[in-house]
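Notes follow the structure.
The values are calculated or read from the model by the stated rules, or taken from the named source; none is laboratory data. Note that the structure is predicted; figures quoted are calculated from it, not measured. All Cβ positions, even for glycine, are placed from backbone atoms using ideal geometry, and neighbour counts span all protein chains on display. These accessible areas exclude ligands, DNA and RNA; they are computed on the full protein's heavy atoms, side chains included. Shrake-Rupley method; radii C 1.70, N 1.55, O 1.52, S 1.80 Å.
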Amino acid sequence: MSTSTPRVDSMKPATPGPTRTAPPRPPDKFPSAGRYPAYLAFGACGAFLMISALVLIGAVWAVGNGEAAWNDYRELLSHPVFLVYHVAAFIGLTWFTLRLFRLFPATQPYRIGPLKRPADAVMVAGLYGLFFTVLAVGTLFLGGALL
Amino acid sequence: MKTLMLKLEPIIWGLFSGGMMVGGILLPVFVLVVGLGGGFGAVDGQALGYDRIQALATHPIGSLLLLAAMALPLWGGAHHLRHLWIDLGGLKSDGLVGALCYGVALVGSLVAILAVFRLHG
């Protein structure tokens, strides 16, 4: 058994100076390997959120300007640039939301308020159900099939 | 300033997370019906006619949903794009990119509020 005095400050540098911290660097094989591409694509879908919100602002603004402006806006939506964008946006936003909901249980604590958290599969199924229900009912309603 | 930011943190995170949830749930409906259905002419013309859309948009629930679907996704999207930029390009230009992203979100939110007020004016 050693009788030497413990060195509790063994990590202390011999002389004062700046902390020797390695500069930040990306993980190995970033961004091409493993889950990094999906992670980056998820972040890039922020562009769909922003642009689609701006397109919606344009729609509401056009409604506020009267019938002629609204009809001009609808005409604009049939331009190929908007059509291509909306196909990409619909695919991107759907994938983004389903991925967000799949990852959602990992963000939740063991207890949610007074209740024990439900099983992960139950949470994911509920959120997927919410998404597809709102999509179906909202589409039928806004498209004029309901009411 | 640091204390103020700490106090505002729940609100700021609420904007980001609310933007993801609200944008992810509501915007696909708009994109599908108005963007794709309207653009390809697949939706009945009367359904997207001015009178019906104006009536939906000026209904209190419709106005509230529109405001949420316009303003919140701007913040969620800005947060994602800023962090994507940090992941790919580091922190060197974060001040500029962050200001640009959140600036667009702030101005867009104000325009969204104004757009909804104009409907009721």
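Worth a mention:
- Taking the listed residues B:56, B:96, B:100, B:91, the one that is surrounded by fewer than 22 Cβ atoms within 10 Å (Cβ to Cβ), in contact with a Gly (Cβ under 6 Å, 6 or more places away or on another chain) and either facing another protein chain (nearest Cβ under 7 Å) or over 20 Å from residue A:91 (Cβ atoms) (or both) is B:56, with no other qualifying.
- Residue list for the range A:56-94, filter: surrounded by fewer than 16 Cβ atoms within 10 Å (Cβ to Cβ) and closer than 20 Å to residue A:127 by Cα: A:91
Table: residues versus (1) outside any helix (DSSP H, G or I); (2) under 27 Å from residue B:110 (Cα atoms); (3) within 7 Å of chain A (Cβ to nearest Cβ); (4) more than 20 Å from the chain's Cα centre (by Cα).
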{"position": "B:42", "(1), (2), (3), (4)": "yes, no, no, yes"}
{"position": "B:47", "(1), (2), (3), (4)": "yes, no, yes, yes"}
{"position": "B:63", "(1), (2), (3), (4)": "no, yes, no, no"}
{"position": "B:69", "(1), (2), (3), (4)": "no, yes, yes, no"}
{"position": "B:75", "(1), (2), (3), (4)": "no, yes, no, no"}
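- The range A:36-55: number of residues that are open to solvent by less than 10 Å² (accessible area, probe 1.4 Å), aliphatic (A, V, I, L, M) and more than 10 Å from the chain's Cα centre (by Cα): 1
- Residue pairs whose Cβ atoms lie under 7 Å apart, sitting 6 or more positions apart in sequence or on different chains, and linking a residue in the range B:60-83 that is farther than 9 Å from residue B:23 by Cα to a partner that is open to solvent by less than 10 Å² (accessible area, probe 1.4 Å) and β-branched (Val, Ile, Thr), are B:66/A:60.
- When the test is whether a residue is more than 9 Å from chain B (Cβ to nearest Cβ), touching a helix residue (DSSP H, G or I) at 6+ places or on another chain (Cβ under 8 Å) and surrounded by 13 or more Cβ atoms within 10 Å (Cβ to Cβ), residue A:99 passes it.
- Verdict on residue B:17 being without any contact (Cβ under 8 Å) to a residue 60 or more places away in the chain, of a type in the set (S, T, N, Q) and closer than 21 Å to residue A:135 by Cβ: yes
- All of (1) modelled with pLDDT of 95 or more; (2) buried (at least 17 other Cβ atoms within 10 Å of the Cβ) hold for residue B:15 with one exception: (1).
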